[in-house]
Structure formats: structure tokens, C-alpha cells
Amino acid sequence: MRYCFLLQVRPDRLDEYKERHRQVWPEMLAALRDTGWRNYSLHVREDGLLVGYVECDDLAAAQRAMAATDVNTRWQAEMAQYFTGLDGRAPDEGFLVLEEVFHLEDQLSRTENQR
């Protein structure tokens, strides 16, 4: 499954947020991998709009597995200062998940199977 989500980074903290992601803790990277997060990437616009993309079998299950790790608790506590609109939630609990409406490979596959 493919998931895309939005978050809002504080524009005045954007450079610092980017710097923090240049060297994510090795144990955080391992926890993401071990809990099923694949092909995970973050993209940010100049105004702080953050778009995340991840592939996993079940996003809710992957989030629960990460929530059970100590490293995620520490990472989310440090990252919360960079975001707006979380209403007291940790950043990884504040995802606005977007509906996928098009995927090239899926449509090509269907087209090829109809031949």
C-alpha cells in the first residue's frame, strides 16, 4: 500500500527541521525499517507544507509499532516543536492522509492485462 500525508512545519523553523533530517538517528532509521516503513520520503514546500510518502502493508499498524518504540517517543518529542496544527498530538499522530486517485503502474498493469 502507498500512503501520502500532509503536515505543516513552522516556516520560521524550516531550516532547522531540514537539518535535523539530514542526520536522523541510526536507531530511528532501524525502527522505521523494522516496523514496516518502506520507500519513506518527506518533501517540503517553502511555506512549510510537508508532504510525506510511505509504502507499508498497513499504515495504522506501522504507526502503532513505531509508537511502541522508545526511540520514536524521543524523536516525536523533539520534532513536535517544528509543527503547527497538531492539537497536542505527536507529529506522527497528526498525519492528514490523502486519498490516492491515480497511480501510473496500476493503470498500465490493468491496460496490459486487458490485451
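Every number here is computed from the coordinates shown, using simple stated rules; none is lab data. What you see is a predicted model, and the numbers here were worked out from it, not measured in a lab. Every residue, glycine among them, receives a Cβ derived from its backbone with ideal geometry; neighbour counts consider all protein chains shown.
For the stretch 2-113, the extents of the C-alpha atoms along the principal axes are 48, 31, 26 Å, listed from largest to smallest. Per-residue Karplus couplings for the stretch 50-56, computed as 6.51 cos²θ - 1.76 cosθ + 1.60 with θ equal to phi - 60°, are listed in order as 9, 10, x, 9, 8, 10, 6 Hz, Gly and Pro entered as x.
Summary value for the chain: 38 percent relative contact order, contacts being C-alpha pairs under 8 angstrom separated by 6+ residues. Calculate, for A80 and T111, the FRET efficiency according to 1/(1 + (r/R0)^6) with r their C-beta to C-beta distance and R0 35 Å; round to the nearest 0.05. Using R0 = 35 Å, I get an efficiency of 0.20.
Subtracting the Cα-Cα distance from 0.36 nm times the residue separation, let me have the gained length for E55 to T73 in nm, one decimal. Mind dumping the intermediate values first?
On the way: separation 18, 0.36 × 18 = 6.48 nm, distance 2.15 nm.
Computed gain between E55 and T73 is 4.3 nm.
Annotation for the stretch 1-29 versus the stretch 62-115: alpha-carbon center distance of 12 Å.
Spacing of the modelled spin labels on L42 and V101, each 7 Å from Cα toward Cβ, amounts to 2.7 nm.
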